[in-house]
Amino acid sequence: MASGSEGQVVTRFAPSPTGFLHIGGARTALFNWLYARHHGGKALLRIEDTDRKRSTQEAIDAILDGLAWLGLDYDEPPVFQSERAARHAAVAEELLASGHAYKCYATPEELEEMRAEQRAKKLPLRYDGRWRDRDPSEAPQGAHYVIRLKTPNEGEMVIDDRVQGRVTVKNAEIDDYVLLRADGTPTYMLAVVVDDHDMGVTHIVRGDDHLNNAFRQLPIYHAMGWPIPVYAHIPLIHGNDGAKLSKRHGAMGVDAYRDELGILPEALFNYLLRLGWGFGDQEEFTREEAIAAFTLEGVGKSPSRFDMKKLLSMNGTYIRKADDGELAGLVAARIGPQADVAVLTTAMPVLKTRARDLHELADGAGFLFSSRPLSMSEKAQELLTPEARVLLGGISERLAAEAHWTTEALEANLKTYAEDLGLGLGKLAQPLRAALTGQTTSPGIFDVLALLGKEESLARIDAQAAETGK
Ligand code: GLU
């Protein structure tokens, strides 16, 4: 198993594969990765799949896939916690042998009784240490036992958390919790500490919902004489109304951001970076800039608010920066087999000026590949009145004579035509857009004409035009 060389920073992302890689997990992964890269250290990944019933291969795949999509790479193959149960058990035995743990023979019924009493007295529900000082020989023959950690009762523990600051907890608040169950399987608390130690993890960056766990985990480090890692517990992400993040706020898997929303990985990377981490006024960071600038001190102490609008607007910014050929490939996959990547690449500078996500981009590009007769949206249909169809006939004649099929020439041509007719340009553009795209919104109408080419444009216009009688 890996361990960091002297002074090397080693971080880990340790998701439980019981669901998708959600937005909070992705941000934790990002911060760990950035911290390791910033310090030239190692970024490691551990899949905490000890809950065999709730862990699924599908979730593991979604996590690996989501991390790779975000461009977070790891320096070693993932560690699967479930494969290390024997090592976890061995540490429990070691703690037992050194007197830092003990066998507890309390039956489930006895423990339930104990909790009932605590509840009745309004005391915190904690194991009362009934086997802490008893001799195992007092146990009934062949009785089942668990191994519990013997945590100190006096004094206190202090963590200088890199985000939360100094946090102190009285030892008396930590009960003698179970390390090894009666069936010999390790508990989560034990597994995390043993794995972090064996992987050489120097910095634990995770959600602040784990801060309490840190105080339960510390006594194991102390008992084993292992070096204590640096802790950084980052605040959770809330919805933009301040409430806990839920599906309604966009608490979806990273795969849904990619597939359903059409978000670019660079945009999500940057959005997550800025969510709860600040660096002056700078909003956009390249990967290299993010690595160079990232520090734990820049992580704020209060919960961040997830803002879908901001994410979409950032996505729009990244769409405009993105390579046209690459975007064309992504959009083609959304449109379907009729899409032509070369055509999309040519059209992309025009198409991408307004889109905020790949959906919009694909919707806006669809007209390029529609076959005649075009299917018309209801609104487009409404625009094609008898008068409008007469206008289209006139436009067709006019454009048939146009020798320079460029955006500029077409614009000049149709503007003059509108003036000749004494009409606003919109009166011409609306039915023209409907005829050319089947929609009432599209990129600029002269761009649409230029992108479709003369032959296709005239064919689409003629299909909707009425005879002008001229
Ligand atoms: N597996 C835990 C989770 O997904 C994280 C444990 C840790 O980071 O220590 O919440």
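The values are calculated or read from the model by the stated rules, or taken from the named source; none is laboratory data. Just so you know, these numbers come straight off a predicted model, no measurement behind them. Cβ coordinates were reconstructed from backbone atoms using ideal geometry, including for glycine residues, and neighbour counts include every protein chain displayed. Accessible surface areas use protein heavy atoms only, side chains included; no ligands, DNA or RNA. Shrake-Rupley method; radii C 1.70, N 1.55, O 1.52, S 1.80 Å.
Worth a mention:
- Estimated FRET transfer efficiency when R0 is 56 angstrom, pair Ala342-Glu419 (beta carbons, to 0.05): 0.95
- Projected label distance in nm at Phe279 and Glu93, using a 7 Å step from Cα toward the beta-carbon: 4.8
- Nonlocal amide H pairs with Val79, under 5 Å, H built at 1.01 Å: Leu45, Arg46, Ile47
- The share of accessible area on region 155-207 that comes from carbon and sulfur is 50 percent, using a 1.4 angstrom probe.
- Among 288-298, 417-427, 13-23, sorting by the average number of other beta carbon atoms lying within 10 angstrom of each residue, highest first, gives 13-23, 288-298, 417-427.
- Cross-link reach list, lysines versus Lys427, counting only Cα pairs under 27 Å and skipping chain neighbours closer than eight places: Lys352, Lys379, Lys415, Lys454, Lys470
- DSSP bridge analysis restricted to the chain gives an antiparallel fraction near 50%, rounded to the nearest 5.
- For Val230, distant residues with modelled amide H under 5 Å away: His203, Ile204
- By the rule of a C-alpha distance below 16 Å, with chain neighbours fewer than 8 residues away ignored, the aspartates and glutamates paired with Lys150 are Glu93, Glu94, Asp128, Asp133, Asp135, Glu173, Asp175, Asp176.
- Rolling a 1.4 angstrom probe over region 28-89 with all protein chains present gives an accessible area of which 50% lies on carbon and sulfur atoms.
- Calculated FRET efficiency for the pair Glu397/Thr56, C-beta based, R₀ 56 Å, to 0.05: 0.30
- The residue list Leu399, Ala182, Ala120 was ranked by how far each Cα lies along the charge dipole of the chain toward its positive end, using unit charges on Cβ atoms, and Ala120 comes out on top.
- Surface accessible to a 1.4 Å probe, per residue, for the residues of region 207-323, Å²: 44
- The gain in end-to-end length when the Lys301 to Ser371 segment is fully stretched comes to 19.7 nm, 0.36 nm per residue minus the alpha carbon separation.
- The residue list Gly253, His203, Pro235 was ranked by how far each Cα lies along the charge dipole of region 198-253 toward its positive end, using unit charges on Cβ atoms, and Gly253 comes out on top.
- Annotation: average projected area of region 154-254 is 8.9 square nanometres, based on the convex hull of Cα atoms across all directions.
- Over region 89-182, accessible surface divided per residue gives 60 Å², non-protein components excluded, 1.4 Å probe.
- Residues with amide H under 5 Å from that of Phe306, placed H, sequence gap 5 or more: His238, Gly239, Asn240
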